[in-house]
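Notes to accompany the following structure.
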Amino acid sequence: MNKSSTILRGGILLLIYLLVELLAKQGILLPYHVQILSLCCINIILVVSLNLINGFTGQFSIGHAGFFAIGAYASAYLTVNWQIPFILAIICGGILAAAAGLGVGLPALRLRGDYLAIATLGFGEIIRVIILNTNAVGGARGFTGIPKYTTFGLAYAVAVITVVVIRNFVTSDYGRACMAVREDEIAAESLGVNSTYFKVLAFVIGAFFAGAAGALFSHYLQYMAPTANQIGFVKSIDILIMLVLGGLGSITGSIIAAVTLTVIPELLRGFAEYRMVIYPILLMLVMLYRPAGLLAGKEITLTGVTDLFKGARAHGNHT
């Protein structure tokens with residue numbers, strides 16, 4: 001990536017943030033709209049981090065909500081009971097989630113396919129049950145009194161950091177080793193790639209960012225409940241659906257799918273009695289006509305968009 005392209009990307013990202021802040025101050029974007037945008041950022045972090053595990057390393061993890069829960073509850077406990085600064089709490093939540101990723105990754109990632117999916121699903125449910133029976137974090141009644149430290153700007157910044165870090169990791173030698181494991185683990189090992197090491201590494205990085213997303217989430221909603229929808233298998237399936245919709249191995253696809261599947265349920269609130277029918281039908285249509293996902297492992301780049309506009313302009317001039 002050249003310097004001018006980096007500056008252009010940074011300028012676009014800054015412009016998006018300033019535009020949202022301006023519209024919010026002018027009252028054009030209501031607090032409800034800002035909340036949806038913040039949830040979009042949190043879901044981007046979750047889906048992109050899961051993409052590193054499932055899409056780029058070729059594993060089948062469906063326990064991502066477990067790491068999300070660890071980050072959410074750990075950071076909330078630190079800010080509520082120990083008055084830890086929020087940024088430090090986010091990092092601590094991510095580190096604890098990464099440690100859990102390392103603990104479950106070392107034994108579980110020796111498994112493959114459906115066996116790995118079952119193991120990670122079991123891990124996620126174990127975390128939920130532990131939280132359910134831990135009175136220090138509210139137990140079954142939920143964790144209340146969490147301060148609202150998460151802002152759109154902070155969620156947006158962490159989402160950008162997540163995308164940049166994982167993109168740079170994927171394009172590095174480590175990322176290429178992960179993709180080699182995805183394509184053919186036996187062949188990769190025959191070339192000297194330690195498949196277990198790289199699978200665990202991807203798992204730990206993905207878990208860290210899932211924990212950070214959990215910290216942002218708990219300090220935005222100010223309440224955490226140990227339910228399947230919030231930190232259980234239903235949440236893991238939601239993240240997985242976003243990943244599959246965007247396309248495995250596509251970071252821009254993950255971003256588009258995360259935003260789309262966060263916004264669509266809100267747009268369908270006016271059709272509350274039909275929403276749970278319309279939403280699955282939309283997903284089924286996408287899966288029928290785009291079974292590999294919206295971008296099917298491809299990326300949308302500034303160069304590609306620029307070339308597209310140049311081609312359209314040249315065609316118009318020719319016409």
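Odds and ends about this structure:
- Residues satisfying the stated conditions in segment 224-245, i.e. of a type in the set (A, V, I, L, M) and part of a helix (DSSP H, G or I): Val234, Ile237, Ile239, Leu240, Ile241, Met242, Leu243, Val244, Leu245
- Between Leu8, Leu13, Leu50, the distinction of being hydrophobic (A, V, I, L, M, F, W, C), modelled with pLDDT under 90 and closer than 18 Å to Glu299 by Cα belongs to Leu8 only.
- Test: residue in segment 115-137 that is exposed (fewer than 13 other Cβ atoms within 10 Å of the Cβ) and under 20 Å from Leu50 (Cβ atoms): yes
- Among the residues of segment 246-294, those that are of a type in the set (A, V, I, L, M, F, W, C), in a helix (DSSP H, G or I), out of contact with any Asp or Glu (no Cβ under 9 Å at 6 or more places or on another chain) and within 21 Å of Ala202 (Cα to Cα) comprise Ile255, Ala258.
- Scanning segment 132-171 for residues being of a type in the set (A, V, I, L, M, F, W, C), assigned to a loop (DSSP other than H, G, I, E, B) and under 17 Å from Asn43 (Cβ atoms) gives a total of 0.
- Some residue of segment 12-26 being surrounded by 15 or more Cβ atoms within 10 Å (Cβ to Cβ), in contact with a His (Cβ under 9 Å, 6 or more places away or on another chain) and under 30 Å from Arg141 (Cβ atoms): no
- Sole exception among (1) surrounded by fewer than 20 Cβ atoms within 10 Å (Cβ to Cβ); (2) of a type in the set (S, T, N, Q); (3) in contact (Cβ under 8 Å) with a residue 60 or more places away in the chain for Ser172, by number: (3)
- Among the candidates Glu189, Glu125, residue that is of a type in the set (Asp, Glu), touching a helix residue (DSSP H, G or I) at 6+ places or on another chain (Cβ under 8 Å), part of a helix (DSSP H, G or I) and within 26 Å of Asn229 (Cα to Cα): Glu125
- Total residues in segment 56-84, condition touching a Ser or Thr at 6+ places or on another chain (Cβ under 7 Å) and under 20 Å from Thr252 (Cβ atoms): 1
- For segment 223-239, a tally of residues being surrounded by fewer than 20 Cβ atoms within 10 Å (Cβ to Cβ) and hydrophobic (A, V, I, L, M, F, W, C) returns 5.
The values are calculated or read from the model by the stated rules, or taken from the named source; none is laboratory data. Keep in mind that this is a model prediction, so the values were computed, not measured. So basically every Cβ, Gly included, is an ideal-geometry build from the backbone, and we count neighbours across all protein chains shown.
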